[in-house]
1. Quickly estimate the mean residue ellipticity at 222 nm for the chain, helices only: each DSSP H run with n ≥ 4 gives -39500 (n - 2.57), and the total goes over all residues, rounded to 500.
2. Compute the distribution of all C-alpha to C-alpha distances in the chain, in bins of 5 Å from 0, and list the percent of pairs in each, rounded to whole numbers.
3. Students often check this: by mean Cβ neighbours within 10 Å, which of 94-105, 8-19, 60-71 ranks highest, and how do the rest follow?
4. Find how much the distance from HIS29 to ASP111 grows on full extension, using 0.36 nm per residue of separation minus their present alpha carbon separation; answer in nm with one decimal.
Amino acid sequence: MDKYLISFDRGAMDHIPAEDFPQVGEDAHAVCREAKTAGVLIFTGGIHYDTDDETLAANPAVVDTNGLITDGPYPESKELIGGVFVVEVATREEALHWAAKVAAACRCPQDVRKFMYDAEV
């Protein structure tokens, strides 16, 4: 069995009207429940960005090899991940199947990437 990261960029859901978000949430939760029942869901969640937090405590930070911490990348970047859905499935086709379900629920395209296998971890 292989693990796959299914994700979308921050801002990918910006086209959705605010009044549609409750239904999007319900649809996304339904896919999560289905994946749990199927035994394939490892983890899922949206990434929290707090543009009102002056300390940037909830926002990304870059930690360099020497331990230097730099706040950023900043929330304006569309390259940041907006949400993740990690599944463990037998084939790439199964991962794409779940990505299609997530895409329909979240109303945005999904990126699908296979994790490298490492017996040590």
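1. -9000 deg cm²/dmol, from helical runs alone.
2. Over the chain, the share of Cα pairs per 5 Å bin runs 2, 10, 18, 19, 17, 15, 11, 6, 2, 0 percent.
3. The peptides rank, most packed first, as 94-105, 8-19, 60-71.
4. On the way: separation 82, 0.36 × 82 = 29.52 nm, distance 1.89 nm.
So the chain would gain 27.6 nm between HIS29 and ASP111.
Computed from the coordinates by the stated procedures, all read-outs in this text should not be read as laboratory data. No experiment lies behind these values; they were computed from the predicted model shown. Cβ: placed from backbone, ideal geometry, glycine included. Neighbour counts: every protein chain shown.
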